[in-house]
Every structure is written in structure tokens, then in C-alpha cells.
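One structure is given here, and the rest of the page talks about it.
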Amino acid sequence: MKFSIDRIDQEKAVLEDETGARLVVEVSVLPPGAREGSVLTKTDGVFTLVPEEEMRRRKRLFRRLRRLKGDNRQT
């Protein structure tokens, strides 16, 4: 299952899974470099960054934002 980091507050991070369910974890369990918007997987209790998925999601959101603004150029 994949999670995205919704927000980081002090020592806690709020993760959202693919169903929209939220999970609150200690920041200390996140991998180095994790930030709001990062995509993670969890295997054997260890979170790992998935940069390829994060980039796909960011590109999709960027295209959606451009369409909303009326810019229909192809990317």
C-alpha cells in the first residue's frame, strides 16, 4: 500500500493511504528526505520513499491545475 505525507507537525506526520484513510506516525520513522507530498510504501514496518510515484502524481496535478487555468498545452 502507498501513503502520501499530508502534513508534518513538530514530531508527528499525517499520512494518507490510497483509500483516504489517515495514519499518524512519529517523524522519526520516516526515511531521510521525506517531506509533505512524498509518497511512501511500508514493508515489514519500514517506510521507503517512492520518488517515481511522487513525480507522476505531481505531474498529474500540474496538468490538472493548468487545465483549470485554461492552459491546454500538451506536456
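The values are calculated or read from the model by the stated rules, or taken from the named source; none is laboratory data. This one's a predicted model, so the numbers in the text were calculated from it and none came from an experiment. We place every Cβ from the backbone using ideal geometry, glycine too, and count neighbours over all the protein chains shown. Side chains are part of the model used for accessible areas, which takes the heavy atoms of the whole protein and leaves out ligands, DNA and RNA. Shrake-Rupley method; radii C 1.70, N 1.55, O 1.52, S 1.80 Å.
Multiplying the sequence separation of residue 6 and residue 65 by 0.36 nm and subtracting their Cα-Cα distance, what value in nm do you get?
The span from residue 6 to residue 65 would gain 19.4 nm if fully extended.
Could you compute how much accessible surface residue 12 exposes when probed at 1.4 Å, giving the result in Å² to the nearest 10?
100 Å²
Can you work out the accessible area per residue across the chain, with the rest of the protein chains kept in place, probe 1.4 Å, in square angstrom?
Heavy-atom SASA per residue in the chain reads 75 Å².
What does the charge dipole of the chain about its Cα centre add up to, to the nearest 20 debye, if the Cβ of each Lys and Arg holds +1 and the Cβ of each Asp and Glu holds -1?
The dipole of the chain has a size of about 780 debye.
Given a cut-off of under 8 Å on Cα pairs at least six residues apart, what relative contact order in percent is computed for the chain?
Averaging sequence separation for qualifying contacts and normalising by length gives 23 percent for the chain.
According to the square roots a ≥ b ≥ c of the eigenvalues of the Cα gyration tensor, what is the shape class of the chain, taking rounded for a/c under 1.5, prolate for a/b larger than b/c otherwise, and oblate for the remainder?
prolate
Could you give each residue of region 33-49 its phi-based ³J(HN,Hα) in whole Hz, using Karplus coefficients 6.51, -1.76, 1.60 with θ = phi - 60°, and x for Gly or Pro?
x, 5, 8, 4, x, 5, 10, 10, 10, 10, 10, 6, x, 10, 7, 10, 5
List every residue whose amide H lies under 5 Å from the amide H of residue 38, counting only residues 5 or more places away in sequence or on a different chain, with H placed 1.01 Å from N in the peptide plane.
Amide H neighbours of residue 38: 5.
May I ask for the angle, rounded to the nearest 10°, between helix 51-68 and the longest principal axis of the chain, with both axes built from Cα atoms and the value confined to 0 to 90°?
40 degrees
Rounded to a whole number, what % of the accessible area of the chain do carbon and sulfur atoms account for, probe 1.4 Å?
51 percent
Tell me, in nm to one decimal, what length is gained between residue 35 and residue 17 on full extension, where the rule is 0.36 nm per residue of separation less the Cα-Cα distance?
Contour length minus the Cα-Cα distance gives 4.9 nm.
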